[in-house]
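K.L.:
Have a look at this one.
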């Protein structure tokens, strides 16, 4: 019996639902059901429609997404590329479905470390979103952040900075200066300055990011510990050991409370604190901390049987 358009719609909806649930971190049917629906949808689309029909493009993109989620990037890439070509030809270069295709292919390149290939796709994607939503809409933020990250990975920090700053400005204007998303962008800018050794520029962003995290998730939280650790490392690297020490101590106290005193992350934080103690001439405390960290690592190694 010949396939019908209704059958294709059911298959593509089923595969899309599985992938949406996977993206949301919900319970997902076995992967083989996702592939079965996506592959069958493509087969039916190719039977029903011309090879450059948007429905063929959508089916290719859905199967590519399944391979992407499964880590099979080599199989996903040609499907995503062909889907983008079809969609662009059928719907025009500025259509929202073209933007979705650009995003999918850019994400694929990102996962493979092909940042130079991802950049022009992200530039095009950003231009489409700007036409659709205007220059100050939060819908632009992911593309701005992604493009900035691609530049960072290539060491093009001067190109990343204005993108992160624009992303920060959009979030502040949209949600207010104390919003969690603002804190995330502040952390990105702080990290950008840290990697360039621009610690004076990084410091106010670290402080603001930490204050926002403490006000939104509380003082005892993994993200607060991470921010404290990042600021401590900044001071540590810059030779400001007296500034680093209390931050490492606060981060350590949070980690011990949240994940327990015998976790490897606790050992790592203790080792950093011990190194700082050595540098500020607290030799006896440094020695005790080093023993504590070594004991944790020995317990973890014994527990793993290695």
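K.L.:
What residue, of 181, 172, 158, is farther than 24 Å from residue 236 by Cα and either exposed (fewer than 14 other Cβ atoms within 10 Å of the Cβ) or out of contact with any helix residue (DSSP H, G or I) (no Cβ under 7 Å at 6 or more places or on another chain) (or both)?
P.N.:
Every option except 158 fails the conditions.
K.L.:
Given the options 164, 109, name the one that is under 18 Å from the mean Cα position of the chain (by Cα) and either modelled with pLDDT under 95 or within 27 Å of residue 66 (Cβ to Cβ) (or both). Give the derivation first.
P.N.:
Working: 164 fails: either modelled with pLDDT under 95 or within 27 Å of residue 66 (Cβ to Cβ) (or both).
Answer to the selection: 109.
K.L.:
Pull up region 23-38, narrow it to residues that are in a helix (DSSP H, G or I) and out of contact with any helix residue (DSSP H, G or I) (no Cβ under 6 Å at 6 or more places or on another chain), then point me to the one that is modelled with the lowest pLDDT.
P.N.:
Here the answer is 23.
K.L.:
Moving on to the next point. Going by the structure shown, is residue 169 outside any helix (DSSP H, G or I) and farther than 30 Å from residue 78 by Cβ?
P.N.:
Spelling it out, it is not the case that residue 169 is outside any helix (DSSP H, G or I) and farther than 30 Å from residue 78 by Cβ.
K.L.:
Against the condition out of contact with any helix residue (DSSP H, G or I) (no Cβ under 6 Å at 6 or more places or on another chain) and in a helix (DSSP H, G or I), how does residue 110 come out, does it pass?
P.N.:
Spelling it out, it is not the case that residue 110 is out of contact with any helix residue (DSSP H, G or I) (no Cβ under 6 Å at 6 or more places or on another chain) and in a helix (DSSP H, G or I).
K.L.:
Could you tell me whether residue 98 is surrounded by fewer than 21 Cβ atoms within 10 Å (Cβ to Cβ), in contact with a helix residue (DSSP H, G or I) (Cβ under 8 Å, 6 or more places away or on another chain) and not in a loop (DSSP other than H, G, I, E, B)?
P.N.:
Criteria not met by residue 98.
K.L.:
Can you spot a residue in region 221-244 that is surrounded by fewer than 16 Cβ atoms within 10 Å (Cβ to Cβ), more than 25 Å from residue 195 (Cβ to Cβ) and either at pLDDT 90 or above or touching a helix residue (DSSP H, G or I) at 6+ places or on another chain (Cβ under 6 Å) (or both)?
P.N.:
Scanning region 221-244, I find no residue that is surrounded by fewer than 16 Cβ atoms within 10 Å (Cβ to Cβ), more than 25 Å from residue 195 (Cβ to Cβ) and either at pLDDT 90 or above or touching a helix residue (DSSP H, G or I) at 6+ places or on another chain (Cβ under 6 Å) (or both), so the answer is no.
K.L.:
Could you tell me whether any residue of region 52-62 is surrounded by 14 or more Cβ atoms within 10 Å (Cβ to Cβ), modelled with pLDDT under 95 and not in a helix (DSSP H, G or I)?
P.N.:
Yes, region 52-62 contains a residue that is surrounded by 14 or more Cβ atoms within 10 Å (Cβ to Cβ), modelled with pLDDT under 95 and not in a helix (DSSP H, G or I).
K.L.:
How many of the residues making up region 128-142 are without any contact (Cβ under 8 Å) to a residue 12 or more places away in the chain, more than 12 Å from residue 171 (Cα to Cα) and not in a loop (DSSP other than H, G, I, E, B)?
P.N.:
Number satisfying all stated conditions: 2.
The values are calculated or read from the model by the stated rules, or taken from the named source; none is laboratory data. This is a predicted model, so every value here is computed, not measured. Ideal geometry is used to build each Cβ from the backbone, glycine not excepted, and the neighbour counts take in all protein chains shown.
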